[in-house]
Amino acid sequence: MAGILVEEEKGMGTETGIEEAIEGIEREDTGLARTGVSLPSNLLNKFDGIIRGRGYSSRSEGIRDAIRAYITEYEWMEREKGEEIGTITYVYEIGQIGLRAELEKIECAFRETIKTSYSVHLDDNNCFALTVIEDRAERIKKLAEAIMSRKGVKHVKLTTTHEGI
């Protein structure tokens with residue numbers, strides 16, 4: 001649902017050595033890209049409320065912070081190795097056609113990883129799921145990614161620790 005347009009901001013080219021050096025510094029400092037994203041209005045309104053409450057100077061700064069957090073979490077998941085134990089929690093839309101069947105197929109495919117699973121209906125539209133997991137970090141990551149890539153899954157949080165800690 002999100003469309004992205006990227007335009008790089010660049011300085012003007014010059015011929016003299018000093019001006020080229022200054023231009024290089026300016027490009028380094030302003031390496032910004034402009035992007036447009038389509039979002040549901042209720043999601044954007046919630047985000048705007050959060051960034052106002054946290055004192056961000058602009059929506060762009062809030063988006064940059066959110067992207068940094070997403071990248072940090074992804075990189076952490078990529079570094080994890082060995083046996084892990086933890087939970088995957090997620091919220092999904094009850095009315096999303098075929099979603100429950102897809103989630104059940106995922107659970108079957110990862111039955112050695114999933115120790116137990118528990119679901120609670122939050123309201124008429126949303127369900128909260130808690131899954132206790134134990135396996136190699138690489139397999140846990142595949143399970144979490146399989147869940148989060150499904151249409152209708154609104155939020156996924158993976159929390160792990162090493163066994164024996």
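Could you check, for the stretch 112-128, whether at least one of its residues is touching a residue at least 60 places away in the same chain (Cβ under 8 Å) and outside any loop (DSSP other than H, G, I, E, B)? Walk me through how you get there before you give the answer.
Step one: list which residues in the stretch 112-128 are touching a residue at least 60 places away in the same chain (Cβ under 8 Å), which gives none.
No, every residue in the stretch 112-128 fails to be touching a residue at least 60 places away in the same chain (Cβ under 8 Å) and outside any loop (DSSP other than H, G, I, E, B).
If you go through the stretch 127-165 and keep only what is under 13 Å from Tyr90 (Cβ atoms), out of contact with any strand residue (DSSP E or B) (no Cβ under 7 Å at 6 or more places or on another chain) and of a type outside the set (D, E, K, R), you end up with Ala146, Ser149.
The rows are residues; the columns are (1) hydrophobic (A, V, I, L, M, F, W, C); (2) buried (at least 18 other Cβ atoms within 10 Å of the Cβ).
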{"residue": "Ile97", "(1), (2)": "yes, no"}
{"residue": "Ala109", "(1), (2)": "yes, no"}
{"residue": "Ser117", "(1), (2)": "no, no"}
{"residue": "Val132", "(1), (2)": "yes, no"}
{"residue": "Ile140", "(1), (2)": "yes, yes"}
{"residue": "Glu145", "(1), (2)": "no, no"}
{"residue": "Met148", "(1), (2)": "yes, no"}
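Only one residue in Leu99, Leu122 is under 30 Å from Gly36 (Cβ atoms), more than 16 Å from the chain's Cα centre (by Cα) and of a type in the set (A, V, I, L, M). Which one?
Numbers: Leu122 fails: under 30 Å from Gly36 (Cβ atoms).
When all the criteria are applied, what remains is Leu99.
Restricting the first member to the stretch 49-71 and to residues that are outside any helix (DSSP H, G or I), and the second to residues that are small (Gly, Ala, Ser) and at pLDDT 85 or above, the beta-carbon pairs closer than 6 Å and six or more apart or on different chains are Tyr56/Gly62.
The values are calculated or read from the model by the stated rules, or taken from the named source; none is laboratory data. Remember, it's a predicted structure, so these values are computed and weren't measured experimentally. Don't worry about glycine lacking a Cβ; one is built from the backbone with ideal geometry, like all the others, and counts go over all protein chains shown.
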